[in-house]
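The values are calculated or read from the model by the stated rules, or taken from the named source; none is laboratory data. Just so we're clear, the structure is a prediction, and the values are computed from it rather than from any experiment. All Cβ positions, glycine included, derive from the backbone under ideal geometry; neighbour counts span all protein chains shown. Heads up: the accessible areas ignore ligands, DNA and RNA and are worked out on the full protein's heavy atoms, side chains in. Shrake-Rupley method; radii C 1.70, N 1.55, O 1.52, S 1.80 Å.
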Amino acid sequence: CRMAVAKDAFTGLVDAYYASLYRFAYSLSRNETDAGDLTQQTFYIWATKGHTLHDVAKAKSWLFTTLHREFLRTRRRDQRWMFIEDLPIAQTEIPAEAIDQLRQLDGAAVMSALASVEEIFRAPLTLFYLENFSYLEIAETLGIPPGTVMSRLSRGKTQLRNLLATAEARPNIVPFDASRTRGKQQP
(Lines give C-alpha, C1' and ligand atoms only; values in the text may rest on other atoms or scores of the structure.)
Protein backbone atom coordinates (compact mmCIF):
# COMPACT_ATOMS: atom_id res chain seq x y z
CA CYS A 1 0.00 0.00 0.00
CA ARG A 2 2.87 2.35 0.84
CA MET A 3 4.40 1.72 -2.59
CA ALA A 4 1.12 2.65 -4.32
CA VAL A 5 0.93 5.94 -2.39
CA ALA A 6 4.52 6.78 -3.36
CA LYS A 7 3.78 5.91 -7.00
CA ASP A 8 0.66 8.13 -6.97
CA ALA A 9 2.64 11.00 -5.40
CA PHE A 10 5.37 10.65 -8.03
CA THR A 11 2.82 10.55 -10.86
CA GLY A 12 1.13 13.66 -9.44
CA LEU A 13 4.46 15.45 -9.31
CA VAL A 14 5.26 14.53 -12.91
CA ASP A 15 1.78 15.64 -14.04
CA ALA A 16 2.11 18.95 -12.21
CA TYR A 17 5.63 19.94 -13.27
CA TYR A 18 6.68 18.05 -16.40
CA ALA A 19 5.62 20.75 -18.89
CA SER A 20 7.20 23.58 -16.88
CA LEU A 21 10.44 21.68 -16.37
CA TYR A 22 10.59 20.75 -20.05
CA ARG A 23 10.08 24.41 -21.08
CA PHE A 24 12.86 25.47 -18.72
CA ALA A 25 15.16 22.69 -19.99
CA TYR A 26 14.40 23.64 -23.59
CA SER A 27 15.15 27.30 -22.92
CA LEU A 28 18.51 26.28 -21.48
CA SER A 29 19.55 23.65 -24.00
CA ARG A 30 17.75 24.92 -27.12
CA ASN A 31 17.41 21.29 -28.18
CA GLU A 32 14.30 19.10 -27.85
CA THR A 33 16.22 15.90 -27.21
CA ASP A 34 18.46 17.47 -24.57
CA ALA A 35 15.43 19.11 -22.93
CA GLY A 36 13.68 15.75 -22.72
CA ASP A 37 16.81 14.11 -21.32
CA LEU A 38 17.27 16.84 -18.71
CA THR A 39 13.63 16.60 -17.64
CA GLN A 40 13.77 12.82 -17.36
CA GLN A 41 17.06 12.99 -15.46
CA THR A 42 15.49 15.46 -13.04
CA PHE A 43 12.60 13.10 -12.30
CA TYR A 44 15.03 10.18 -12.01
CA ILE A 45 16.98 12.12 -9.39
CA TRP A 46 13.70 12.92 -7.61
CA ALA A 47 12.79 9.22 -7.63
CA THR A 48 16.12 8.32 -6.04
CA LYS A 49 16.68 11.32 -3.73
CA GLY A 50 13.39 13.17 -3.42
CA HIS A 51 12.51 11.37 -0.21
CA THR A 52 15.26 13.39 1.53
CA LEU A 53 13.29 16.62 1.02
CA HIS A 54 11.73 17.46 4.37
CA ASP A 55 9.29 20.12 3.15
CA VAL A 56 7.20 18.77 0.27
CA ALA A 57 5.98 22.33 -0.42
CA LYS A 58 9.46 23.03 -1.81
CA ALA A 59 9.28 20.24 -4.40
CA LYS A 60 8.86 22.68 -7.31
CA SER A 61 11.93 24.68 -6.33
CA TRP A 62 13.89 21.46 -5.72
CA LEU A 63 13.00 20.14 -9.19
CA PHE A 64 13.97 23.36 -11.00
CA THR A 65 17.20 23.63 -9.02
CA THR A 66 18.05 20.01 -9.78
CA LEU A 67 17.34 20.50 -13.49
CA HIS A 68 19.52 23.60 -13.61
CA ARG A 69 22.37 21.81 -11.81
CA GLU A 70 22.12 18.87 -14.22
CA PHE A 71 22.23 21.28 -17.15
CA LEU A 72 25.35 22.96 -15.73
CA ARG A 73 26.97 19.60 -15.03
CA THR A 74 26.48 18.42 -18.60
CA ARG A 75 27.48 21.81 -20.01
CA ARG A 76 30.72 21.88 -18.01
CA ARG A 77 31.50 18.42 -19.25
CA ASP A 78 30.87 19.45 -22.86
CA GLN A 79 32.46 22.90 -23.00
CA ARG A 80 34.14 25.64 -21.03
CA TRP A 81 31.79 27.77 -18.89
CA MET A 82 31.49 31.54 -19.44
CA PHE A 83 31.55 33.80 -16.39
CA ILE A 84 29.56 37.01 -15.99
CA GLU A 85 32.77 39.04 -15.67
CA ASP A 86 33.74 37.97 -19.20
CA LEU A 87 30.58 39.35 -20.77
CA PRO A 88 30.40 42.81 -22.34
CA ILE A 89 28.26 45.38 -20.58
CA ALA A 90 25.25 46.49 -22.60
CA GLN A 91 25.71 50.15 -23.46
CA THR A 92 22.43 51.09 -25.04
CA GLU A 93 18.79 50.68 -24.12
CA ILE A 94 15.84 50.45 -26.46
CA PRO A 95 13.84 53.71 -26.47
CA ALA A 96 10.43 53.70 -24.80
CA GLU A 97 8.74 54.17 -28.20
CA ALA A 98 9.91 50.73 -29.26
CA ILE A 99 7.87 49.06 -26.54
CA ASP A 100 4.68 49.32 -28.64
CA GLN A 101 6.45 47.60 -31.53
CA LEU A 102 7.64 44.81 -29.25
CA ARG A 103 4.12 44.22 -27.94
CA GLN A 104 2.99 43.50 -31.49
CA LEU A 105 5.46 40.63 -31.99
CA ASP A 106 4.10 37.13 -31.95
CA GLY A 107 5.06 34.50 -29.40
CA ALA A 108 7.18 32.50 -31.85
CA ALA A 109 9.38 35.52 -32.56
CA VAL A 110 9.83 36.17 -28.85
CA MET A 111 10.68 32.52 -28.12
CA SER A 112 13.13 32.50 -31.03
CA ALA A 113 14.80 35.65 -29.72
CA LEU A 114 14.87 34.19 -26.19
CA ALA A 115 16.70 31.15 -27.54
CA SER A 116 19.35 33.53 -28.93
CA VAL A 117 19.93 35.33 -25.62
CA GLU A 118 23.19 34.35 -23.97
CA GLU A 119 22.81 31.29 -21.80
CA ILE A 120 23.69 33.03 -18.56
CA PHE A 121 20.75 35.43 -18.99
CA ARG A 122 18.30 32.97 -20.58
CA ALA A 123 17.73 30.91 -17.42
CA PRO A 124 16.66 33.85 -15.21
CA LEU A 125 14.49 35.30 -18.01
CA THR A 126 12.75 31.98 -18.54
CA LEU A 127 12.12 31.42 -14.85
CA PHE A 128 10.87 34.99 -14.36
CA TYR A 129 8.63 35.41 -17.41
CA LEU A 130 7.56 31.89 -18.31
CA GLU A 131 7.44 30.25 -14.89
CA ASN A 132 6.54 33.34 -12.79
CA PHE A 133 9.33 32.74 -10.27
CA SER A 134 10.17 35.53 -7.83
CA TYR A 135 13.69 36.95 -7.59
CA LEU A 136 14.29 34.89 -4.46
CA GLU A 137 13.03 31.68 -6.08
CA ILE A 138 15.28 32.28 -9.08
CA ALA A 139 18.25 32.97 -6.79
CA GLU A 140 17.59 29.75 -4.89
CA THR A 141 17.09 27.72 -8.08
CA LEU A 142 20.21 29.01 -9.81
CA GLY A 143 22.34 29.21 -6.66
CA ILE A 144 23.16 32.91 -7.06
CA PRO A 145 22.48 36.01 -4.94
CA PRO A 146 19.22 37.96 -5.56
CA GLY A 147 21.25 40.99 -6.69
CA THR A 148 22.86 38.87 -9.39
CA VAL A 149 19.39 37.71 -10.46
CA MET A 150 18.28 41.33 -10.87
CA SER A 151 21.45 42.18 -12.81
CA ARG A 152 21.09 39.19 -15.13
CA LEU A 153 17.41 39.93 -15.70
CA SER A 154 18.25 43.51 -16.61
CA ARG A 155 21.04 42.51 -18.99
CA GLY A 156 18.95 39.69 -20.41
CA LYS A 157 16.01 42.01 -21.07
CA THR A 158 18.34 44.39 -22.86
CA GLN A 159 19.69 41.58 -25.04
CA LEU A 160 16.17 40.34 -25.74
CA ARG A 161 14.98 43.83 -26.69
CA ASN A 162 17.94 44.28 -29.02
CA LEU A 163 17.34 40.92 -30.68
CA LEU A 164 13.64 41.66 -31.14
CA ALA A 165 14.35 45.15 -32.48
CA THR A 166 16.88 43.74 -34.94
CA ALA A 167 14.42 41.08 -36.10
CA GLU A 168 11.67 43.71 -36.50
CA ALA A 169 13.97 46.01 -38.50
CA ARG A 170 14.88 43.32 -41.02
CA PRO A 171 12.78 43.72 -44.16
CA ASN A 172 10.91 40.70 -45.44
CA ILE A 173 12.71 40.31 -48.77
CA VAL A 174 11.63 37.54 -51.10
CA PRO A 175 14.62 36.34 -53.12
CA PHE A 176 14.34 36.72 -56.89
CA ASP A 177 14.89 33.49 -58.82
CA ALA A 178 16.62 34.57 -62.04
CA SER A 179 16.59 31.03 -63.44
CA ARG A 180 12.82 31.18 -63.92
CA THR A 181 13.08 34.11 -66.37
CA ARG A 182 15.99 32.84 -68.46
CA GLY A 183 15.11 32.15 -72.06
CA LYS A 184 11.96 34.25 -71.95
CA GLN A 185 11.86 37.41 -74.00
CA GLN A 186 10.54 40.49 -72.38
CA PRO A 187 8.10 42.60 -74.47
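Label-to-label distance for residue 51 and residue 150 is 4.2 nm, based on points extended 7 Å past Cα in the beta-carbon direction. Of the residues 44, 17, the one with the largest accessible area comes first in the ranking 44, 17, computed with a 1.4 Å probe on protein heavy atoms.
The heavy atoms of residue 58 present about 110 square angstrom of accessible area, all protein chains included, probe 1.4 Å. In the assembled protein chains, residue 33 presents an accessible area of approximately 90 Å² (probe radius 1.4 Å). In the context of the full protein assembly, residue 14 retains an accessible surface of approximately 40 Å², using a probe radius of 1.4 Å and ignoring ligands and nucleic acids.
Inter-label distance, residue 119 to residue 18: 2.7 nm, where each label sits 7 Å from its Cα along the C-beta direction. Sorting 164, 53 by accessible area puts them as 53, 164; the probe is 1.4 Å, largest comes first, and only protein heavy atoms count. The modelled label-to-label distance between residue 37 and residue 167, using points 7 Å beyond Cα along the C-beta direction, is 2.6 nm.
Of the residues 15, 34, ranked by 1.4 Å probe accessible area with the largest first, the sequence reads 15, 34.
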